[in-house]
Amino acid sequence: MNKTVMRIMMLAGWLASANAQAIVIDGNLAEWGLKQTGQASDWTPDTAIVPSARQYTVEDQTGGANTRLFPGWGGQAYDAEALYVSLDSNFLYLALVTGLSPNTPDNPAANSYAPGDFAIDFGLDGSYEFGIQTTGPDAGKVYQVSEWHYGLWDVNGDHNPANPDLLHPTSMKTTTQVGIGSLVYTDVPFTNMGVYTSDKHYVIEAAIPLSSFAGFSGKFDVHWTMNCANDWITADPELNAIPEPATLALLPLGLLGLLALRRRAAA
Ligand SMILES: [Ca+2]
Ligand SMILES: [Ca+2]
Ligand SMILES: [Ca+2]
Ligand SMILES: [Ca+2]
């Protein structure tokens, strides 16, 4: 093996390892730096994984069904508690902690609402172009979304299902699938995260290929709520450059071209 080939292989290996964060999609958030010690600091992520404060939000609340979360009620059972976003050159990683069990029935007549989907707004302009399914057999699939379902509350936070706040989409209505990631929504709760030590928490952890968002780049907003939109949570990654798939595809060709030139020069 000549030196040029060796160098290119080393470069390829470095590129691969630079992409490989230690995030495993298993519903355990220890590698994000999150803890279960009964302290407020349990919610603070590792800055190596979540480098910017804009990439995560913590809104841990507590209380029974009559506790207001804003805009709606529901207490811990409907609490959207924390959302964390991490990116490398190939994947968008999401970690959500919530009091909402994935098995919560969707039965508005009984005042029960199932989890919604992740919604992604490129350009931070209030239009959510993409969604990630969080429950059921299609969990982890990524869709371009032309219509969303919405919750029970209007822009003033008043109960008004006929005129819901469009900035807080709940689940996807009309879609075209554009990608598939991996997603785990744990159904066995844990306790002792944060200061409300007996409250039960569930986790959604996901890895979504950036190729799903072909043609879109720039700043974006990740949003999640449940089907009533009683409590919602967002994070706004600062990263400006979601690489265009074309750029990624050209990279190996560029390396091959370099190799060919070197060979010709050596001959
Ligand atoms: Ca994990
Ligand atoms: Ca909350
Ligand atoms: Ca909570
Ligand atoms: Ca948008």
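The values are calculated or read from the model by the stated rules, or taken from the named source; none is laboratory data. It should be emphasised that the depicted structure is a prediction, and the values quoted were computed from it without experimental measurement. We place every Cβ from the backbone using ideal geometry, glycine too, and count neighbours over all the protein chains shown. Protein only, heavy atoms only, side chains kept; ligands, DNA and RNA dropped before computing areas. Shrake-Rupley method; radii C 1.70, N 1.55, O 1.52, S 1.80 Å.
The slack in the chain from ALA53 to ASP158, taken as 0.36 nm per residue of separation less the alpha-carbon distance, amounts to 34.8 nm. Highest mean packing first, where packing is the average number of other Cβ atoms within 10 Å per residue, the peptides 141-153, 32-44, 72-84 line up as 72-84, 141-153, 32-44.
Couplings 3J(HN,Hα) of the range 170-181, computed from phi: 9, 10, 6, 10, 10, 9, 10, 5, 10, x, 9, x Hz, in residue order, whole Hz [Karplus 6.51 cos²θ - 1.76 cosθ + 1.60, θ = phi - 60°; x for Gly and Pro]. Once all protein chains are placed together, PHE91 keeps about 70 Å² accessible to a 1.4 angstrom probe.
With the biggest extent put first, the Cα atoms of the range 39-174 measure 44, 40, 32 Å across the principal axes.
Estimated at 0.36 nm per residue, the fully extended path between THR176 and ASN103 surpasses their Cα-Cα distance by 23.7 nm.
Amide H contacts for MET226 (H built 1.01 Å from N in the peptide plane; partners 5 or more residues away or on another chain; cut-off under 5 Å): GLY116, ASP231.
Take the alpha carbon gyration tensor of the range 103-209, find the square roots of its eigenvalues, order them as a ≥ b ≥ c, and report rounded if a/c is under 1.5; if not, report prolate when a/b exceeds b/c, else oblate. Taking the square roots of the gyration eigenvalues as a ≥ b ≥ c, the range 103-209 is oblate. Quick one: if you stick a label point 7 Å off each Cα along the C-beta vector at SER127 and GLN36, how many nm between them? Calculated label separation equals 4.3 nm. Measure out, as a whole number of angstrom, how far apart the alpha-carbon centroids of the range 98-141 and the range 157-219 sit. Centre-to-centre distance over Cα atoms comes out at 5 Å. Placing a pseudo-label 7 Å from each Cα along the Cα-to-Cβ vector at GLU147 and ASP187 gives an inter-label distance of 3.0 nm.
Full extension of the chain segment joining SER198 with ALA65 gains 46.3 nm, where the gain is 0.36 nm per residue of separation less the Cα-Cα distance.
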